[in-house]
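Derivation of every value follows stated rules applied to the coordinates shown; laboratory data play no part. Since we're looking at a predicted model, the values are computed, not measured. Please note: Cβ atoms are built from the backbone with ideal geometry, for glycine as well, and neighbour counts cover all protein chains shown.
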Amino acid sequence: MKIIMLGAPGAGKGTQAKMLADKYHIPHISTGDIFRANIKNGTELGNKAKVFMDKGMLVPDELTCDLVVDRIKQEDCKDGYILDGFPRTIPQAECLDQALETLGDKIDYAVDVEVPDENIVRRMSGRRACASCGATYHIVYNAPEKEGVCDRCGAELILRDDDKPETVQKRLTVYHEQTQPLIDYYKNKGVLAQVDGTKDMQEVFQSIVNVLEK
Ligand code: AMP
């Protein structure tokens with residue numbers, strides 16, 4: 001099963017993507033996570049991406065497309081994968097389609113997790129990420145056992161630069177301008193599924209599973 005997760009930053013698509021990847025035993029491919037890992041390791045790609053990410057802007061398509069196309073060609077992706085945070089622009093979607101066509105493949109579902117902007121801003125200011133292993137939490141919806149400390153590795157939890165309120169606002173503007181057009185793009189292809197992302201995490205998950213197993 002090849003799935004794309006769509007939705008505004010902070011709509012909860014990353015959390016849902018991880019849960020789906022666990023349920024269906026397929027890789028969760030998050031471009032945001034890949035960029036953050038590169039930043040942490042000080043790679044050339046990481047240094048380039050950071051400049052855009054810290055401003056709430058998108059990393060240029062040419063730095064993003066090849067990365068994903070190479071990743072989905074790997075052996076562990078042969079039975080499917082979940083793309084989280086990619087594509088984010090029409091050119092990225094076209095690049096993915098071209099690559100899939102060459103492989104004789106196609107996307108099965110594009111799942112749009114719908115959440116209004118006002119909920120997003122509230123949610124994102126509560127997000128915390130582990131500075132060491134990258135695990136994510138929310139101070140209200142998914143709190144760590146001990147405040148400010150990662151359950152998984154014990155390192156300190158931080159508010160990511162790109163989750164700061166002014167950056168969130170910028171990311172929402174970018175989302176509406178550049179990513180939202182993908183909803184029509186996938187609707188026209190007949191693979192779009194829209195779910196209400198304001199519900200509780202488990203309810204959202206169940207509604208996605210219902211669509212995928214219909
Ligand atoms: P995310 O963790 O998916 O919210 O991504 C964090 C940041 O990484 C975004 O605000 C962008 O700056 C960058 N990013 C992630 N995925 C993409 C993409 N497909 N295209 C361009 N930039 C991206």
Averaged over all viewing directions, the convex hull of the alpha carbons in segment 1-138 casts a projected area in nm² of 8.5 nm²
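With a 10 Å Cβ neighbour count serving as the proxy for reagent exposure, in which order, fewest first, do THR89, THR173 appear? List each step's numbers first, then the result.
On the way: THR89 20, THR173 12.
Final ranking by Cβ density, sparse to dense: THR173, THR89.
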Taking a cut-off of 27 Å between Cα atoms, list the lysines near LYS214, but don't count ones fewer than 8 places away on the same chain.
LYS2, LYS13, LYS18, LYS23, LYS78, LYS106, LYS187, LYS189, LYS199
Spacing of the two label points (7 Å from each Cα toward its C-beta) at VAL121 and ASP70, in nm
3.9 nm
Place a point 7 Å from Cα of LEU212 in the direction of its Cβ. Which residues in segment 24-42 have their backbone N less than 20 Å from it?
24-34
Counting only DSSP beta bridges fully inside segment 2-213, the antiparallel percentage to nearest 5 is 30 percent
On full extension of the chain, what length is gained from GLN98 through LYS199, given 0.36 nm per residue of separation minus the C-alpha to C-alpha distance?
32.9 nm
In straight Cα distance, which aspartates and glutamates are under 14 Å from LYS170, not counting same-chain residues fewer than 8 positions off?
ASP54, ASP117, GLU118, ASP161, ASP162
Relative contact order for segment 122-198: what percent, with Cα pairs under 8 Å and sequence separation of 6 or more?
24 percent
